[in-house]
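K.L.:
Structure in structure tokens, see below.
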Amino acid sequence: EVQLVQSGAEVKKPGESLRISCKGSGYSFTSYWISWVRQMPGKGLEWMGRIDPSDSYTNYSPSFQGHVTISADKSISTAYLQWSSLKASDTAMYYCARGVVTLAADYWGQGTLVTVSS
Amino acid sequence: QSALTQPASVSGSPGQSITISCTGTSSDVGGYNYVSWYQQHPGKAPKLMIYEVSNRPSGVSNRFSGSKSGNTASLTISGLQAEDEADYYCSSYTSSTPYVFGTGTKVTVL
């Protein structure tokens, strides 16, 4: 069974750093891309970027380029999304998802809620 | 890359059919047969319902069907059921980003 299990909810202050994770199982982790998708409270889905875990090649949406970093450790089948300096506007649910070149997501993680508040 | 355009809401009675549109450009929906649709119930992760315009993943009801004409893709739900009440999002491969999602449509079963 394909599973993507994400790390738990986080509460942070503005300016703090954060890394959330997404562990894949039940499939060959290096055979599929991992995308990250943001959903702000009450809003729609926004594709942030993706990584090919086989070689750590990344693509980012222009809206998120430079604001987040996507990485992966294929030895433990885990992808990461990180911020160096959080803002209140980063408050959202973040989903990881497995995909292929032409499909953003066929399986999704359960989501990680990130709350940034002073 | 701008979000694909969907109606904010669509409603129907149980047993009826409804159609949700998803309008893009020749750089995304119109340029590739790589449109997908996702269902999201409140507080849950999205679920893939249709990929490559009209293909259903294993386990998805055949009441869900997809099509495309020009720059507009459509999702049709036939025999509407209470459990179909959810938010629906389209997505397309694009020539740039490489993916973009739609604005989302809330489906209400009356």
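The values are calculated or read from the model by the stated rules, or taken from the named source; none is laboratory data. Note that the structure is a prediction, hence the values are computed from the model and not measured. Neighbour counts are summed over all protein chains in view; Cβ atoms, including those assigned to glycine, are modelled from backbone coordinates with ideal geometry.
K.L.:
If you go through the range A:86-114, how many residues are more than 15 Å from A:Val68 (Cα to Cα), assigned to a loop (DSSP other than H, G, I, E, B) and more than 7 Å from chain B (Cβ to nearest Cβ)?
P.N.:
Here the count works out to 1.
This table checks each residue for (1) at the interface with chain A (Cβ under 10 Å from one of its Cβ atoms); (2) among the hydroxyl-bearing types (Ser, Thr, Tyr); (3) part of a strand (DSSP E or B); (4) out of contact with any strand residue (DSSP E or B) (no Cβ under 6 Å at 6 or more places or on another chain).
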site: B:Val60; (1), (2), (3), (4): no, no, no, no
site: B:Ser67; (1), (2), (3), (4): no, yes, yes, no
site: B:Thr76; (1), (2), (3), (4): no, yes, yes, no
site: B:Gly79; (1), (2), (3), (4): no, no, no, yes
site: B:Tyr89; (1), (2), (3), (4): yes, yes, yes, no
site: B:Ser92; (1), (2), (3), (4): yes, yes, yes, no
site: B:Ser96; (1), (2), (3), (4): yes, yes, no, yes
site: B:Val107; (1), (2), (3), (4): no, no, yes, no
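K.L.:
Something else now. For B:Tyr99, which of the numbered conditions (1) under 28 Å from A:Tyr60 (Cβ atoms); (2) at pLDDT 95 or above; (3) of a type in the set (Phe, Trp, Tyr) fails to hold?
P.N.:
Condition (2) is where B:Tyr99 drops out.
K.L.:
Follow-up. Of everything in the range A:57-79 that's touching a residue at least 12 places away in the same chain (Cβ under 8 Å), more than 12 Å from the chain's Cα centre (by Cα) and away from chain B (no Cβ under 14 Å), which residue is surrounded by the most Cβ atoms within 10 Å (Cβ to Cβ)?
P.N.:
Result: A:Ser77.
K.L.:
Ok, one more. In the range B:21-57, what residues are at the interface with another protein chain (Cβ under 8 Å from one of its Cβ atoms) and surrounded by fewer than 17 Cβ atoms within 10 Å (Cβ to Cβ)?
P.N.:
Listed by number, the residues that qualify are B:Glu52, B:Pro57.
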